[in-house]
1. Considering the chain as a Gaussian network with a 10 Å cut-off on Cα pairs, which listed residue, D93, D116, D22, attains the greatest mean-square fluctuation?
2. Using only the alpha-carbon atoms, how far is helix 111-128 inclined from the longest principal axis of the chain? Give it as 0 to 90 degrees, nearest 10.
3. Would you be so kind as to identify which of Y88, P99, T155 lies farthest towards the positive end of the dipole of region 86-160, taking Lys and Arg as +1 and Asp and Glu as -1 on Cβ and the Cα centre as origin?
4. So what is the relative contact order for the chain, in percent, with contacts set as C-alpha pairs under 8 Å and at least six apart?
5. In terms of Cα to Cα distance under 18 Å, which lysines are near enough to K65, apart from those fewer than 8 places away along the same chain?
6. Among the lysines, which have Cα under 26 Å from the Cα of K50 when same-chain residues fewer than 8 positions away are ignored?
7. In deg cm²/dmol, rounded to 500, what helix-only [θ] at 222 nm does the chain give when every DSSP H run of at least 4 residues adds -39500 (n - 2.57) and the total is split over its residues?
8. Please turn the phi angles of region 143-149 into ³J(HN,Hα) values with the Karplus equation 6.51 cos²θ - 1.76 cosθ + 1.60 (θ = phi - 60°), one per residue in order, whole Hz, x for glycine and proline.
Amino acid sequence: MLLNPYREQLQVVAGTRILETDLGLAGFTFVDPVNPQRIWVLQHLLAPVKRRHIDGIRAKFEDAKGFIAFCNQRDLELLLGLAQPGDYCPWLDEYYPSPIDREFFGLCADDEDLKDDLFERELRLREQYPGILPQFLEVSRRIHNGSVESEELFTLLGDVDFYTGISPDTKLETVENRWSRVERSPVKWAAI
């Protein structure tokens, strides 16, 4: 077990859900079980998201072609070899599934994960553009979600909280209001 997310005080980088500690896991790599040519690298850990069945910490992974994916804590503990299928998971109060079970999610990305990723990309842009971000900036990303690969393009509508008029708007909670997805296309990993 990495940690008990219900008992540990998890400190995040201010304004984000990125954990201040990576528990020494940043840089951990593993070979994709479906495609042995694909190597996943753990980038950092993120705080739990409430309302999930598996609400432990999350790990963000990236491969050499820039695809991102996330992994829940329970499945991460299996990938790290800290648990074996059938072992009891004390912090979740259930048993670890086998990677071939339907309950094993592995590398995927839901709306909250993608929101964190978009906010992280925006933070990198803020390092390049001090002050207010210029309207119509674009960011793209490649996403691995289970067996589905896609590429998305976003454009910045404005660096402003459209409800309050406050600018720049640097809140995670409103990041999806600032950006608009212009395009989402399926892609094949092998073709890139």
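The numbers here are math on the coordinates, done by the rules we state, and not lab data. Only a predicted model underlies this, so the values are computations on that prediction, with no experimental measurement involved. Methodologically, a virtual Cβ is constructed for each residue, glycine included, from the backbone with ideal geometry; neighbour enumeration extends over all protein chains shown.
1. Of D93, D116, D22, the most mobile in the Gaussian network model is D93.
2. Between the helix axis and the principal axis of the chain, the angle is about 50 degrees.
3. Highest projection toward the positive end goes to T155.
4. Rounded, it is 14 percent for the chain.
5. The qualifying lysines are K188.
6. Excluding near neighbours in sequence, the set is K60, K115, K171.
7. One gets -4500 deg cm²/dmol as the mean residue ellipticity at 222 nm.
8. Running phi through 6.51 cos²θ - 1.76 cosθ + 1.60 with θ = phi - 60° gives 10, 10, 10, x, 9, 9, 10 Hz.
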